[in-house]
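Notes to accompany the following structure.
The values are calculated or read from the model by the stated rules, or taken from the named source; none is laboratory data. The shown structure was predicted, so the numbers you read here are calculated from the model rather than taken from an experiment. For neighbour counting, all protein chains shown are included, and Cβ atoms are generated from backbone atoms with ideal geometry for every residue, glycine included.
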Amino acid sequence: MLKKFFKTLFANPVYKIMAALFAVVLWSYVLAIEDPDTDKIVPDVPVSFTNESLLTQKNLVVRGDRSQILTDCDVSVTLPRSLFNSVTPSVLNATANLGRISTKGEFDVPIEVPPPSAFTGVSINTRTPAAIHVEIDELAQKEAVPVHVEFDGALPGGFYNTVPETIPSAISLSGPKQDVDLVSQAVVKLDLSKARGYNDSMMVELRDAEGNVLPNTAFTSVPSVIVKMDVYPKKTVPINQDTLIVGFDKIAQGYQLNASGLHITPSEIEIAGPADILDQIESLDINAVDIQGWRESQQRTVQLRLPDGVIVTQPQPIELYVDITLITRTVRFDDLLVEVRGAQHDHNVIVGPERISVSITASEATVDAISRGDIKPFVDVTDLPPGVHDNFSVQTSLTPEQKQNAVIDFSSPVTVLIEPIE
């Protein structure tokens, strides 16, 4: 009879549909009332360290890049079917406990995943991988690592950058001793091609003594630095020649400033600064030198007078040379007899020409004080052997005071002939 019932049921399509609907309803009832367990693999569960502070207290630290050490794990769980979609990586807490490590070395730290507290009926089966491999090193610090600035690219033409400043100029860092011992310098890179200034917080790049880059992720702390650098347009302008000196009308009496007696080196200066200020500058002044009372030429190092915000791109000493000369007058005395002095009694001395002209150039006071009788040109032939002596030196009887700052010219050289008297 039962056989006949099923034959009739499956022979009628309506009965088939009703049977399927009844099965679905029955299964839903079983799920709602019974909620059977099922297995699930939860992939890519993040893993983190716990009790790392205990490791630090032991002066130990994990060596290496955390992103490569702490790889995600797959967790196998058994859970009620109703929670199948609720148990995701975000509700699982996978950890590796470092608190049990007390020495440096290499260790496989088990990954621990407790059942999620937000759900009941969930059990943890396996973790893949089951452990995290770590290398533990001594925790070390290094103080006063110098910070250097390197440039990428070049400034466009017509621009100038100031010397970059880093705050601080040296940093301290900590991390595994093997890595800390390698650090020789910290570097900040600036791109000059953008022609912009910097006042930014920037991360440093750590390098060893050979210049090899050390990854910042290898260290527990790498501080940033503030980098300051200005970029300005630049131009070359002359030094104003009209404002170099003052007091030129009060030079010491009897002295004068030569017509071309001012020379400044360099005569042009390259400057940089904000564009609105730079556009207004056509020349630069110096702090003028006061030459009142000067009696001689002098060279002075002078200072530029720069507008606020303007800098010199290539600082160098600026030298001003002031040429001061004595005001002179020339007087000429003609037909002066050349005397002979120092001749031996048995020698005959002939001077040719025997009369010459003498010109004296000196200050007006000196020239006014010299008379014809003061000059007395002469040749000194003391110990001179017999013979012809061309271009012989002529002297005068002027006093040392009269000769001071004086220029004495003779109209022609003289020849001295010395002959023995027989």
| message | Report every pair of residues separated by at least 6 positions or lying on different chains whose Cβ atoms are under 6 Å apart, first residue within the stretch 199-211 and over 14 Å from residue 145 (Cβ atoms), second of a type in the set (Lys, Arg). | response | 199/228
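Which residue out of 183, 187 is in a loop (DSSP other than H, G, I, E, B) and more than 25 Å from residue 314 (Cβ to Cβ)?
Working: 187 fails: in a loop (DSSP other than H, G, I, E, B).
Matching residue, one of 183, 187: 183.
Checking the conditions here, which among 272, 343 is of a type in the set (A, V, I, L, M), touching a strand residue (DSSP E or B) at 6+ places or on another chain (Cβ under 8 Å) and under 30 Å from residue 406 (Cβ atoms)?
343
Given the structure, is residue 136 outside any strand (DSSP E or B), within 22 Å of residue 174 (Cβ to Cβ) and at pLDDT 95 or above? Write out each step before concluding.
On the way: outside any strand (DSSP E or B): no; within 22 Å of residue 174 (Cβ to Cβ): yes; at pLDDT 95 or above: yes.
The answer is no for residue 136.
Of the residues that sit in the stretch 383-404 and are in contact with a helix residue (DSSP H, G or I) (Cβ under 7 Å, 6 or more places away or on another chain) and under 23 Å from residue 325 (Cβ atoms), which one is modelled with the highest pLDDT? Reasoning before the result, please.
Of the stretch 383-404, the ones in contact with a helix residue (DSSP H, G or I) (Cβ under 7 Å, 6 or more places away or on another chain) are 396-398, 402.
Those still in the list that are under 23 Å from residue 325 (Cβ atoms) too: 398, 402.
Values: 398: 94, 402: 90.
My answer is 398.
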| task | Scan the stretch 335-382 for residues that are surrounded by 15 or more Cβ atoms within 10 Å (Cβ to Cβ) and within 30 Å of residue 253 (Cβ to Cβ) and jot them down. | result | 358, 360, 361, 362, 363, 366, 367, 370, 375
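Quick check, is residue 293 within 21 Å of residue 363 (Cβ to Cβ) and assigned to a strand (DSSP E or B)?
Numbers: within 21 Å of residue 363 (Cβ to Cβ): yes; assigned to a strand (DSSP E or B): no.
When the stated conditions are applied, residue 293 does not pass them.
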| field | Residue under evaluation residue 129, criteria (1) of a type outside the set (Val, Ile, Thr); (2) touching a residue at least 40 places away in the same chain (Cβ under 8 Å); (3) not assigned by TED's automatic domain parsing to the domain that holds residue 107, criterion not met | value | (3)
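Conditions (1) in a strand (DSSP E or B); (2) at positive phi; (3) small (Gly, Ala, Ser); (4) in contact (Cβ under 8 Å) with a residue 40 or more places away in the chain, marked per residue:
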site: 234; (1), (2), (3), (4): yes, no, no, yes
site: 237; (1), (2), (3), (4): yes, no, no, yes
site: 242; (1), (2), (3), (4): no, no, no, no
site: 253; (1), (2), (3), (4): no, no, no, no
site: 256; (1), (2), (3), (4): yes, no, no, yes
site: 259; (1), (2), (3), (4): yes, no, yes, no
site: 264; (1), (2), (3), (4): yes, no, no, yes
site: 270; (1), (2), (3), (4): yes, no, no, yes
| said: On the basis of being over 30 Å from residue 324 (Cβ atoms), in contact (Cβ under 8 Å) with a residue 60 or more places away in the chain and not hydrophobic (A, V, I, L, M, F, W, C), does residue 353 make the cut? | reply: yes
| Residue match in the stretch 329-338 (condition: within 35 Å of the chain's Cα centre (by Cα) and at pLDDT 95 or above) | no
| said: So if I check each of 53, 82, 67, which one is within 16 Å of residue 131 (Cα to Cα), of a type in the set (Gly, Ala, Ser) and assigned by TED's automatic domain parsing to the domain that holds residue 103? | reply: 67
